[in-house]
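We did not get these values from a lab; they are worked out from the coordinates using the rules stated. Because the structure is a prediction, the values reported are computed rather than measured. A quick note on method: Cβ atoms are made from the backbone with ideal geometry, for glycine too, and the neighbour counts reach across all protein chains shown.
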Amino acid sequence: MSTIDAQTDSDATDVASRSNYELIIEPRKGLQLFDWKELVAYRDLFRFLIWRQIKVRYAQSAIGIGWAIIQPLFSMLVFTIIFGNLAKVDSDGAPYALFSLAALLPWTYFSNAITDGVQSLVSEANMLRKIYFPRLMLPLSAVAAKLVDFGIAAVMMVVMMIVFQYPPSIQIVALPLAIIVMLITASGVSVWLTALAVQYRDIKHGMNFLVQLLMYASPVVYAASIIPEKYRLLYAINPMVGVIESFRAAILGTTSIPWDLLGVGFLSGTILLITGLAFFRSKEKIFADVA
Amino acid sequence: MSPIISVENLSKAYRIGAKEEVPDTLVGAAKGILKAPFKNLSRLRGLDTSASSDEGSGSESDILWALKDVSFEVNEGDVVGIIGRNGAGKSTLLKVLSRITEPTSGRAVIRGRVSSLLEVGTGFHPELTGRENVYMNGTILGMTKKEIDRKFDEIVDFSEIEKFLDTPAKRYSSGMQVRLAFAVAAHLDPEILIVDEVLAVGDLEFQKKCLGKMKRVSRSGRTVLFVSHNIPMIEQLCTRGIALKNGGISAVGTVPEALADYCVSSVSSRYSTESFNETSDQIRGIDLRDALGNSVSSIQCGDSLKIIVDYRLNSIVEKHQCCIEVNDSLDRKLFTIGSFLSGEVNRGESCSKVVGTLPSVDLAPGTYTMKVRIGTLARNVGECTVADHISFEVKTADYYGGLRAPDSFRGPMLARSSWVFSE
């Protein structure tokens, strides 16, 4: 009995402190901002969602977290054989294996993050129908959870550079900027496509195809330098162009950091994220009904 | 002081699937295939009811109002039972109040922190261990990690699965999963708790434990909205009742008031189609009279009751009989009375009234329904039988002539008895 009494006492103080809380439920009209306070209040959920995805993804698998290495490693091998050795694609002077791995590092993250992000709401449809929490948590936690894989792939990059005895350039200090643009872009695309995918399952079916198209629209297997100079800024509207080229420049030092490409990418990525958040917010209210 | 929840004209519309056109020519079919993506697109867009109602598009016929102009107020500390038949709008109301879905119009103001429990174990993942699921489920329900840390031992104690805490949930029996999930939910500390029919889980022992926990929660001064079809549970837990019917409120008030409305409406809609209409045979009226001959709808325990059935059988039915089943509010048959039991065969062909007398109504306080049937009462299909029903209320009285008044929790039936103690 004593525990219950103690509990009631603490409730009483809790109730007193929250007494001016008021929530109004009514149909929302027009553009709405996100309730950042609420997102902060649910930060523990965000952490657990990320952690759950990491834990569940590699549960009951023999290689476990090793899958985070296998994907970029084998892509690198295939690309090196086909594009590096057979097609002899120009790699700006670096070994093609490193050249493609430096691009695969952000690209693998990006493609996995958006694929997972898009799935997040649809696969958790049951949760959407049964409980309220800020819906934005789902795609964003999926994007954040993939950072673990990114970190592991980065370790692999270091190992490969030691194997190739290729020292990193001083430009590596610019890498965090490229990572930020990468995160903004992945979040923006995820938020957009997630909100669409809840209502239109076409997105799910088209996802693989879209990722593949995007890969060839980004300088993963080739260098951005093969694009004619006058089209290059237009090309950089795809934010991953700036990200991938900056990764290469920062890690391998083959070129100087392409600030123009990264700048354009940052702009278009930010626009993508802001419009995505607005779109997500406007669709959020119907998720539970259509999911 | 302003009410803790006030709901004003809350409505929620859902779009239901409109009928597909079926092409009857090859050209029509080909056209249909070409047009399909566009049609699908507009159909998918139509899922968003809020947008379409703004534009005024979409016909009225494929819109279903799950809630229509619902208004009520809940004061702090009220434990409100929400009852109604399937599809009456109970779950939609809870979903709107817990912000899962947005109302189409109207508004609700909630002055307190809400936790809702529409399902046990939301967010449970089979690959995670019991311990991990407690944290996952708890944070989804709106607790912080700190809060869960503090209550963790209590939760585990309540769930009785201490031994399996580090086993993945997929190896749990379904009962164990539910127990753990409910244990988490039971330790929520909101000001307002919204609970859908989720307590009917686990074995009997655990159900009792849940009920006990719910009782403690409702006595602690918290506001609770509670949907259930389990009427005894509502009677035990709730201080107020709301009955919903076809998306609207049909009764608000005390629990017996709401229950009475629910029982009447649930019975009438179920049996109205049963009455035999082809030959305009019908029961024209059922009248209940007390000992003084007054027409009544409620009587006291132990009173006598006369049942007068006014009927019409156009097709000449020889040997027709009257049969009355008395059911409780959960539609459980308690007993049957009737002319056919005592053998008073009616040979007259022009009879139109039958009077039955119950010398003592030995029923506990509550709402009951009499299902009246007149006819040959044979089980063969096509035999002429008319049926109708009437609900009545039994109020408590000094039935035992002693210290205690009859109470429904000792069972629906009363019996007189005498006692002698000896050495």
Stokes-Einstein D for segment B:72-268 at 10 °C, 1.306 mPa s, Kirkwood Rh over Cα pairs, in µm²/s? 91
Shape verdict for segment A:40-104, please, from the Cα gyration tensor: rounded (a/c under 1.5), prolate (a/b greater than b/c) or oblate. oblate
Using distinct alpha-carbon pairs, which all enter the 1/r mean, Kirkwood radius of segment B:227-266 in Å: 10.0
Nearest 10 degrees is fine. How inclined is helix A:2-17 to the longest principal axis of chain A, computing both from alpha carbons? 80
Debye, to nearest 20: dipole size of the protein assembly as shown, +1 on Lys, Arg Cβ, -1 on Asp, Glu Cβ: 1180
Taking the Cα centre of segment A:28-290 as origin and charging only Cβ (+1 Lys, Arg; -1 Asp, Glu), how large is the dipole, in debye to the nearest 20? 860
Per-residue ellipticity at 222 nm for the protein assembly as shown, helices alone: DSSP H runs ≥ 4 residues times -39500 (n - 2.57), over residue total, nearest 500 deg cm²/dmol? -14500 deg cm²/dmol
Hydrodynamic radius by Kirkwood for chain A, inverse mean 1/r across distinct Cα pairs, in Å, is 21.0
If you take the charge dipole of segment B:72-268 about its Cα centre, with +1 on Lys and Arg Cβ and -1 on Asp and Glu Cβ, which of B:PRO232, B:VAL74, B:LEU193 is farthest toward its positive end? B:VAL74
Using modelled amide H (1.01 Å from N, peptide plane; none on Pro or chain starts), what sits under 5 Å from the amide H of B:THR376, excluding residues fewer than 5 places away? B:GLN321, B:CYS384
Ratio to report: Rg/Rh of segment B:86-173, with Cα atoms as the point set and Rh obtained by the Kirkwood method; give two decimals. 1.07
Which one, A:ILE170, A:GLN212, A:SER75, projects farthest toward the positive side of the charge dipole computed for segment A:28-290 from Cβ point charges (K/R +1, D/E -1)? A:GLN212
Below 8 Å between Cα atoms, with a sequence gap of 6+, how large is the relative contact order for segment A:28-290 in percent? 27
May I ask which residue of A:GLY64, A:LEU140, A:TYR231 lies farthest towards the positive end of the charge dipole of segment A:28-290, with charges of +1 (Lys, Arg) and -1 (Asp, Glu) on Cβ and the Cα centre as origin? A:LEU140
Among A:GLN212, A:GLN60, A:GLN171, which one moves the most in a GNM of chain A with springs linking Cα atoms closer than 10 Å? A:GLN60
Evaluated at 37 °C and 0.692 mPa s, the Stokes-Einstein D of the protein assembly as shown based on the Kirkwood radius over Cα pairs, in µm²/s, stands at 107
Taking trypsin sites (Lys or Arg not before Pro) as exposed when DSSP calls them loop (any state but H, G, I, E, B) and at most 15 other Cβ atoms lie within 10 Å, what is the longest stretch of chain A free of them, the sites themselves excluded? A:89-200
Could you tell me how many degrees, from 0 to 90 and to the nearest 10, lie between the Cα long axis of helix A:175-199 and the main elongation axis, the longest principal axis, of the Cα atoms of chain A? 60
